[in-house]
Amino acid sequence: MINRIMRAFKEGFLGVGRHRAMSFSSASAVTMTLMIVSVFLILSANIRGIVNSIEESVQIHAKISLGTPSEEIMEMRKAIEKIPGVKMVTFSDKDSELQAFIAAYGDQGALFKMYVGDKNPLRDAFLIETISGDDIAIVAEEVGLMTNIEKVNYGGTGTLLLMESMESIKNGSLVVMAALALLAVLLITNTIDTTINARWDEIFIMRTVGAKNGFIRWPFIIEGMFIGALGAIIPVIITVGGYIYLYDLLDGYLFTRIFALVPTYPFILMLASVLFLLGVFVGMLGSFISVSRKLWWKR
């Protein structure tokens with residue numbers, strides 16, 4: 001058994017060397033495909049991180065009507081916590097609201113310090129966090145219907161549309177990656193077809209002396225795996241180095257701190273592993289399809 005495995009690896013490795021031109025053609029196809037796939041992998045991972053960051057930063061701000069008794073506020077808080085989709089409810093009195101308002105305006109916020117104390121015109125409020133972005137609008141609508149809730153704000157439909165758009169881009173990138181992987185499989189399949197046709201006399205002799213399909217098939221599959229691995233080397237190097245450079249150049253953020261990029265470690269290690277394994281898998285699958293089809297046709 002071990003001898004058969006070693007033979008398959010040896011023949012597969014030698015096959016890459018014997019047919020250098022075709023192997024280079026297949027490896028190049030894998031390289032170009034994985035380069036594009038790597039871009040979409042980075043895009044998808046960072047979009048997922050940005051969407052999560054936006055969801056965490058978006059809170060529902062429910063303003064409580066003036067003069068609402070403390071006992072009623074506590075009952076309202078308990079009622080909000082029971083709403084499906086609510087993660088956490090924080091009570092913020094009007095003094096805390098004013099301090100947050102002043103902090104939001106930075107240096108210009110000092111102008112509003114004159115309202116600290118009895119002159120504070122703001123209302124007490126509930127700060128509500130939801131489990132996911134899909135719950136924001138539903139929870140906000142239900143809270144807005146409650147008695148003694150004066151106004152509810154969460155950034156409006158613009159925030160939800162932004163998250164939906166990013167989700168659509170992420171899902172679209174996954175479809176593109178799947179299509180590119182299929183294209184690479186087809187390219188390798190065609191190349192292996194040419195290799196098998198060129199070596200059909202050798203295969204015919206093996207079958208004549210009683211070699212089974214598995215004995216013939218495995219060296220070609222190993223050869224495809226080697227081709228896929230070779231094709232993945234350049235994308236792995238460029239992607240890892242490029243992402244580290246881009247992350248350092250942008251200081252880990254895209255435009256604003258809300259759009260934080262995925263930290264380089266362990267992301268680049270995972271990305272390199274995915275690209276390398278994808279290259280090997282694509283090469284293996286393309287070779288398997290090609291050689292199995294040929295062996296089935298030419299009996």
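Skipping prolines and chain starts, which residues have an amide H placed within reach, meaning under 5 Å, of the one on Leu261, given they are 5 or more residues away or on another chain?
Distant-sequence amide H within range of Leu261: Tyr253, Leu254.
Going by accessible area, probe 1.4 Å, with all protein chains left in place, what is the ranking of Phe126, Phe226, Phe259, largest first? Before the final figure, lay out each step's value.
Numbers: Phe126 0, Phe226 65, Phe259 45 Å².
Descending order: Phe226, Phe259, Phe126.
Would you tell me the accessible area of Met6, worked out with a 1.4 angstrom probe on the heavy atoms of the protein chains, in Å² to the nearest 10?
Counting only protein heavy atoms, the figure is 120 Å².
HN-Hα J couplings of the stretch 31-40 from phi, Karplus 6.51/-1.76/1.60, θ = phi - 60°, integer Hz, Gly and Pro as x?
These are the phi-based 3J(HN,Hα) values: 4, 5, 5, 5, 4, 5, 4, 4, 4, 6 Hz.
Beyond a 21 Å Cα-Cα separation, which of these cross-linked pairs lie in this structure: Lys87/Lys113; Lys78/Lys113; Lys63/Lys119; Lys113/Lys151? Working shown, then result.
Values: Lys87/Lys113 32 Å; Lys78/Lys113 32 Å; Lys63/Lys119 18 Å; Lys113/Lys151 24 Å.
Correct reply: Lys87/Lys113; Lys78/Lys113; Lys113/Lys151.
Could you order peptides 203-212, 127-136 by the average number of other Cβ atoms within 10 Å of their residues, highest first?
On the way: 203-212: 11.1, 127-136: 18.6.
Going from most to least packed, we get 127-136, 203-212.
For the stretch 16-112, compute the orientation-averaged projected area of the C-alpha convex hull (one quarter of its surface), in nm². Can you show the working numbers first?
Numbers: hull surface 49.6 nm².
Here the figure is 12.4 nm², rounded to one decimal.
When the Karplus curve 6.51 cos²θ - 1.76 cosθ + 1.60 is applied with θ = phi - 60°, which whole-Hz ³J(HN,Hα) does each residue of the stretch 63-76 get, with x for Gly and Pro?
3J(HN,Hα) across the stretch 63-76, in whole Hz: 7, 8, 4, 4, x, 5, x, 4, 5, 5, 4, 5, 5, 5.
The values are calculated or read from the model by the stated rules, or taken from the named source; none is laboratory data. This is a predicted model, so every value here is computed, not measured. Ideal geometry is used to build each Cβ from the backbone, glycine not excepted, and the neighbour counts take in all protein chains shown. Note: accessible area is taken over every heavy atom of the protein model, side chains too, but ligands, DNA and RNA are not part of it. Shrake-Rupley method; radii C 1.70, N 1.55, O 1.52, S 1.80 Å.
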